[in-house]
Amino acid sequence: MQKISLFTLLVILFTSCTDIFFTSPQPSFAKNSSDISEDFQGKFNVDRSPYTSDTLNITDNTITFNGIDYTISDDNFVVKSWGNYLFLNLKDSTQKWQLLTILSAPHSLNNTLLEMNSSTIDVGRFNNVDTIAADTTNPNSYTKYILNEVNTLQFHYLLRMSSKSQFDLIRLEEVIAVEEEIEDEESLESDIEEHLTTEE
């Protein structure tokens, strides 16, 4: 298996303004999961219009991107769930945790990726915030806000505000199934036309 940090994967996969990190996996009130619910499993296109879309494959205990597998048993990957939410906690090179949240249908037509960033969340509402300034010599660097000891009420605020920065996860199996159905119908129509011309 190729080695690449999960944080690098997320920078590639979810290139965005996710700039809020945590000192521990979130939410603190939810237990760690040893597997991923079937509601969240599948191969998805991350609809980041008008930007480039990405593909994400989720199984019961792995995430696959560009042919590289990441498993729940990795030290830098913690999965939690609560209700219709799946929380993917990813440890970066500074030992801080980035949180990606997926909301499953029926609350959304498609599963939805929610991102936490300071453009929609007022980090001033938190007492324990550390700031890591952007590296001015690196054009891809950005300021990071590290939240410490987030309580349940604060986490619910984060969840509510992150819904303002969301992307649809389009299930690719359904798209493939529809394309195959159309091909089958076209093939059937072609067979019927061929049969009718043979009879004439």
The number of residues in the range 117-156 that are under 23 Å from the mean Cα position of the chain (by Cα), over 30 Å from Q41 (Cβ atoms) and assigned to a strand (DSSP E or B) is 3
If you go through T18, T23, the only one that is hydroxyl-bearing (S, T, Y), at pLDDT 90 or above and surrounded by 15 or more Cβ atoms within 10 Å (Cβ to Cβ) is T23
The residue from L113, L159 that alone is touching a residue at least 12 places away in the same chain (Cβ under 8 Å) and assigned to a strand (DSSP E or B) is L113
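Run down L88, L103, L114 and say which single residue is over 9 Å from the mean Cα position of the chain (by Cα) and closer than 16 Å to L56 by Cβ.
None of the other options fit; the residue is L103.
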Is there a residue being surrounded by 14 or more Cβ atoms within 10 Å (Cβ to Cβ), of a type in the set (S, T, N, Q), farther than 14 Å from S163 by Cα and at pLDDT 80 or above anywhere in the range 125-136? no
inquiry  = Considering only the range 101-117, I want to know if a residue exists there that is surrounded by fewer than 17 Cβ atoms within 10 Å (Cβ to Cβ), farther than 16 Å from P25 by Cβ, at pLDDT 85 or above and out of contact with any helix residue (DSSP H, G or I) (no Cβ under 8 Å at 6 or more places or on another chain).
reply    = no
L196 fails exactly one of (1) touching a Ser or Thr at 6+ places or on another chain (Cβ under 7 Å); (2) part of a helix (DSSP H, G or I); (3) of a type in the set (A, V, I, L, M); (4) at pLDDT below 85, namely (1)
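The values are calculated or read from the model by the stated rules, or taken from the named source; none is laboratory data. All values reported here derive from a predicted model rather than from experimental measurement. Positions of Cβ are backbone-derived with ideal geometry, glycine not excepted, and every protein chain shown enters the neighbour counts.
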